[in-house]
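Structure first, then comments.
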Amino acid sequence: MLINKITIYNFRQYKGRQVLEFSTSKEKNVTVVLGDNTSGKTTLIQAFNWCLYDNTNFKTKELLNSEIAATMSQLETKEVYVEIELTHEDKIYVIRRKQLFKSTISGQVRGDVGELKVEYKEPSGEMQEVDSHECKNTINKILPVDLSEYFFYDGERDLNNKGDVVSAVRGLMGIDVINETVDHFNPKSHNSVISKLNREIDVGKDEKIIKLRGEIDNKKIELANYDKRYREVEKEIDFFLNRKEELAGIVLANSKTKRKQDEKSQLEKDIVFLEKQTHATETDLVKAFSKDSCKFFALPLYKNIKEVLDGAKHNAEGIPHMRSKSIDYILERGKCICGCDLTKNQGAEEFIRFEQSLLPPKHIGSLINSYKKEMGQNERLVEDYESNIKRAFGRIRENQRQLDEKCVRISNVSKDIIGDINVGKFELEAEENNGILVQKEKLLLSIRDKKTACNRDIDNIEREIDKNALVSDKNARINKELAYANEIYKLFKERYDLAESNVKTDLYNSINELFAKMYHGERKVEIDDKYRIILKVDNGNGYFTTDTSPGLDTVKNFAFICGLVDLARRKAREVKESTDEIAFNTEPYPIVMDAPFSKADDTHIKNISEVLPEVAEQVILVVMKKDWGYAKDAMGEKLGKLYEINKFSESCSTVGRIDNV
Amino acid sequence: MFRDDILIKGKHASYLKFLSKKTEQNDSKQNVAAVFENNIDVYKAAIVMGLVKGVKKGVDSTNDDSTRMFAGKVIKEEFDLEYLFQMCMLIDNSTDLSNDEKIERAFKGKDAVDFKENLNLFNSYARGGIEWLYEEFIDGADTKAEYLTKIYDIVSNYRDENC
């Protein structure tokens, strides 16, 4: 980029239209603007900043020349503008920022929001206007705002220790674009392309689809087995249906035989029943006979027994309350209670003994009476004995009669059906056949239900697979994109790392070289990871960090800026000649400096002045006359254009070219 | 009085077993009449039949057979057995006793002077009765049905023949 000219109109103390054309030739690439203190040197630099970036750092915000403002009548409008013409990438741009100021009825002057206009010249020579919303962006592409302060340089500031030097260096060296690309793809960055693609991949869906395919294969095998079994069962049912008809035919054709066989079967059952019945009735008879047989058999004896008992003397009752021991006492003393001598009274003792026998505990009379009663009970007990026996025996006979009849009948029936088929066997088979048929039909229904369920499962799984397949296709696409993204990242990262390493080395070499040219002492510089310059001095035992001074800082800053510009210029040349697939965005830049030598001594000014025009494509110096005196000797040959600021008052300056360079 | 085992020996034991269903129950292969439920039922009926028919038999030793009615079973039938003992003592005329003497030996039981002889007398009628019953049942009968018919015949004709 080269600045062709700047036009200033009513901007601060520059009253009216001021035009400064800058030298753009390669041999005489220096333009010097001379000015005293407070003449408007810094305002000139600020004009660049306002036009390009709408930035100013004036203490008072009014841009309109105060004399113009003071003379404005009510409701009068005046404009302020700065227009810069520059060449960037072989294209001419005209950038113009304008602001209108209006005087109110009360006499106050107020500015509007301002207007930016960017035009460029077509190859045909016509000027083409950039869309208003693209203006700012276009300027930023030409000279990024972050780099502006390095090229519109205020010599009193220490640039190297200010702000994000790293970002500035990267931007200047054109590797910031690659860095942005690297960041854009960096897998470790949450918002990078690779991270986003990774998040979009639905890994689970691929695994699920494999699982689902396995499931569907299993279901299909299951279905095939059910189909096979279904056909088998159908055949089995056919077989049993045929057999059912055959058996029904056999049974029907032998119905007469069947009836007889049924009768025989019934007779067999009856006989079994009667035989059991016979056993029961026999048992009953034995029980009935056995139970009271002794009492029944005794019947003929009772009459005789009664005669014996009735004729017995023991029938008499004993003397009430008399005791057997009392009788023993009377007999022992031999004297009755009536006073008679018992030993002399014949038969008396026998009589007394009889009476004693009627007394407890030898009271036989009571036992006889009990016995008689029991005999009577037993006689009554066996009154029905015979009839019970007869009845039981009758049942045996009847049972036997029936049994005999059944046996005869079964014998006859058996003779009738001898040699005939066993219809019952076929009937039984038919019954079993029907049972199996029912089971088989149930089985067939069950298999059919399972087949239906299987088909339904297969349909569901297929639908699920289709759904997941869409995701799977997307995954395949994303994986492909990821492969590309990873390759891009790898490529750019390698190139970026290499480029940054080279930049650092080159910058280090360049700054050291330039510092050596500018500085007349023994110090040297180093660059840390943040591209900050560290000044070091050799005390004989190695280099160590030293304190600095304003003059030393000026040299350091010049070395740094010149190093950057030099590197950018060399890079631009390399890029133009390069066939590398990754294009570095670099462009040679001008240096516009305000009071650059104010803190430097004459030797340093001389040294810097020698270096500056060699390094930069274009140098624009806004300096005090006294400083230019030191620089002129070193830079004079490179001087293309020389201007001077003429200060008429505190609010009015103009710029005029001095023809005699 | 009847609180001990009753032992029957010889052929009377064999006859008793022939008449008792217990024999059949103990060994189903035995071809017996089995017309009485238990051995003691045979014994009781035999005592009466011995008295009715006036048949007494001594202890037999023609074979080694024997059967024992255990005390437990005997005690359960003690009342009937005592009743039958008294009946036997009242009926028997073999010793030419007076009615009072018959009553004495019948109701004094163990206290009677000749109780042991009385008991032997009682058992001799039992053996006589067993023999009579056996002969009655085997007379013209060889099958189960015939033995049962014998029951019917004996009971049906009993009053006519004995009362």
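The values are calculated or read from the model by the stated rules, or taken from the named source; none is laboratory data. Everything numeric here is computed off the predicted structure, so don't read it as measured data. All Cβ positions, even for glycine, are placed from backbone atoms using ideal geometry, and neighbour counts span all protein chains on display. The accessibility values were calculated without ligands, DNA or RNA, using every heavy atom of the protein model including side chains. Shrake-Rupley method; radii C 1.70, N 1.55, O 1.52, S 1.80 Å.
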Ranked order, A:ASP529, A:ASP90 - accessible area, probe 1.4 Å, largest first
A:ASP90, A:ASP529
Once you average over the residues of A:297-307, how many Cβ atoms of partner chains fall within 10 Å of each Cβ?
6
Just checking the output field for A:385-398: average partner chain Cβ neighbours within 10 Å of each residue's Cβ?
3
So, with points 7 Å from each Cα along the Cβ direction, the A:SER501-A:ALA469 label distance in nm works out to 5.0 nm
Please give the direction-averaged projected area of the C-alpha convex hull for the protein assembly as shown, in square nanometres with one decimal.
103.3 nm²
Which of the residue pairs A:LYS41/A:LYS136; B:LYS44/B:LYS144; A:LYS556/A:LYS647 have a Cα-Cα distance greater than 24 Å in the structure shown?
A:LYS41/A:LYS136; A:LYS556/A:LYS647
Which distance in nm do the two modelled labels at A:ILE458 and A:LYS98 give, with both placed 7 Å along the Cα-to-Cβ direction?
8.0 nm
Among the lysines, which fall within straight-line cross-link reach of A:LYS415, defined as a Cα-Cα distance under 19 Å, with same-chain neighbours fewer than 8 residues apart omitted?
A:LYS256, A:LYS258, A:LYS260, A:LYS264, A:LYS269, A:LYS406, A:LYS425
Long-range amide H partners of A:VAL130 with built H, under 5 Å
A:VAL118, A:GLU119, A:TYR120
Rounded to the nearest 10, the angle in degrees between the Cα long axis of helix A:550-577 and the longest principal axis of the Cα atoms of chain A comes to 80 degrees
Inter-label distance for A:LYS256 and A:ASN225, nm, one decimal - labels placed 7 Å from Cα along Cα-to-Cβ:
5.6 nm
Selected from B:ASN38, B:ASN26, B:ASN118 as most flexible by GNM, with chain B as the system and alpha-carbon contacts under 10 Å
B:ASN26
Report in % the part of the accessible area of region B:6-162 that belongs to carbon and sulfur, leaving out ligands and nucleic acids; probe 1.4 Å.
43 percent
Please name whichever of A:VAL33, A:HIS184, A:THR545 sits farthest to the positive end of the charge dipole of chain A, dipole taken about the Cα centre and charges placed at Cβ: Lys and Arg +1, Asp and Glu -1.
A:HIS184
Give the aspartates and glutamates whose C-alpha is closer than 20 Å to that of A:LYS208, dropping any in the same chain fewer than 8 places away, or say none.
A:GLU200, A:ASP217, A:ASP457, A:ASP459, A:GLU462, A:GLU464, A:ASP466, A:ASP473
Under Karplus coefficients 6.51, -1.76 and 1.60, residue-wise ³J(HN,Hα) of region A:516-523 in Hz, glycine/proline x:
4, 6, 7, 8, 9, x, 9, 6
Computed over the protein assembly as shown, protein heavy atoms only, probe 1.4 angstrom, the accessible area per residue in square angstrom equals 53 Å²
So the angle from the long Cα axis of helix A:203-253 to the longest Cα principal axis of chain A, reported in degrees to the nearest 10, equals 30 degrees
Using only Cα atoms, find the angle between the long axis of helix B:39-53 and the longest principal axis of chain B, and express it within 0 to 90 degrees, rounded to the nearest 10.
70 degrees
With a ≥ b ≥ c the root eigenvalues of the C-alpha gyration tensor of region A:257-346, is it rounded (a/c under 1.5), prolate (a/b larger than b/c) or oblate?
prolate
Using a 1.4 Å probe and counting only protein heavy atoms, how much accessible surface gets buried when A and B come together, both sides summed, in Å² to the nearest 100?
3700 Å²
Going toward the positive end of the dipole of region B:5-139, with +1 on Lys and Arg Cβ and -1 on Asp and Glu Cβ, which of B:TYR134, B:PHE107, B:LEU97 do you reach last?
B:TYR134
Pop out the ³J(HN,Hα) list for region A:87-94 in order, Karplus 6.51 cos²θ - 1.76 cosθ + 1.60 with θ = phi - 60°, rounded to Hz; leave Gly and Pro as x.
10, 9, 6, 6, 10, 8, 10, 10
Helix-only [θ] at 222 nm, chain A, -39500 (n - 2.57) per DSSP H run of 4+, per residue, nearest 500, equals -20000 deg cm²/dmol
To the nearest 20 Debye, how big is the dipole of region B:6-162 about its Cα centre, given +1 on the beta carbon of each Lys and Arg and -1 on that of each Asp and Glu?
460 debye
With a cut-off of 8 Å between alpha carbons and a minimum separation of six or more residues, what is the relative contact order of chain A in percent?
26 percent
Using Cα springs under 10 Å in a Gaussian network model of chain B, which residue among B:GLY129, B:GLY58, B:GLY140 shows the largest mean-square fluctuation?
B:GLY140
Divide by every residue of chain B the summed helix terms, -39500 (n - 2.57) for each DSSP H run of at least 4, and state the resulting mean residue ellipticity at 222 nm, rounded to the nearest 500 deg cm²/dmol.
-20000 deg cm²/dmol
Considering only DSSP beta bridges where both residues belong to the protein assembly as shown, give the percentage that are antiparallel (nearest 5).
75 percent
Sequence order, region B:19-36: Karplus ³J(HN,Hα) from phi using 6.51 cos²θ - 1.76 cosθ + 1.60, θ = phi - 60°, Hz rounded, Gly and Pro as x, gives 7, 8, 5, 4, 4, 5, 5, 6, 8, 5, 6, 5, 8, 10, 6, 6, 8, 10
Please list the non-local residues whose amide H lies under 5 Å from the amide H of A:ASN4, H modeled 1.01 Å from N, same-chain partners needing a gap of 5 or more.
A:GLU85, A:LEU86, A:THR87
Grab the beta carbon distance between B:THR95 and B:LYS29, set R0 = 45 Å, and tell me the FRET efficiency rounded to 0.05.
0.50
At a 1.4 Å probe radius, carbon and sulfur cover how many percent of the accessible area of region A:484-560?
48 percent
Highest GNM mean-square fluctuation among B:GLU104, B:GLU131, B:GLU117, for chain B with Cα springs under 10 Å, belongs to B:GLU117
Cut-off under 18 Å on the C-alpha distance; same-chain residues fewer than 8 positions from A:LYS188 excluded. Which lysines are left, in chain and number order?
A:LYS196, A:LYS490, A:LYS493
Theoretical gain in end-to-end length, A:GLU349 to A:ARG477 [0.36 nm per residue, Cα-Cα removed]
31.3 nm
Give A:LYS287/B:LYS73; A:LYS303/B:LYS53; A:LYS524/A:LYS632; A:LYS373/B:LYS56 a once-over and call out the pairs whose C-alpha atoms are over 24 Å from each other.
A:LYS524/A:LYS632; A:LYS373/B:LYS56
Taking R0 as 56 Å, what's the FRET efficiency between A:GLU246 and A:ASN198 from their Cβ-Cβ distance, rounded to 0.05?
0.15
Please identify which residues in region A:264-295 have an amide N closer than 16 Å to a label point set 7 Å out from the Cα of A:ASN412, following the Cα→Cβ vector.
A:264-268
Where A:TYR230, A:TYR589 fall by accessible area, highest first, once all protein chains stay in place (1.4 Å)
A:TYR230, A:TYR589
In peptide B:84-92, how many Cβ atoms from other protein chains are near each Cβ within 10 Å, on average?
4
Efficiency of FRET between A:ASN486 and A:ASP601 - r from beta-carbon atoms, R0 41 angstrom, step 0.05
0.15
Protection proxy (average C-beta count within 10 Å per residue), highest first, orders A:544-557, A:122-135 as A:544-557, A:122-135
Could you state how much accessible area A:ARG231 has, in square angstrom rounded to the nearest 10, with a 1.4 Å probe and all protein chains kept in place?
130 Å²
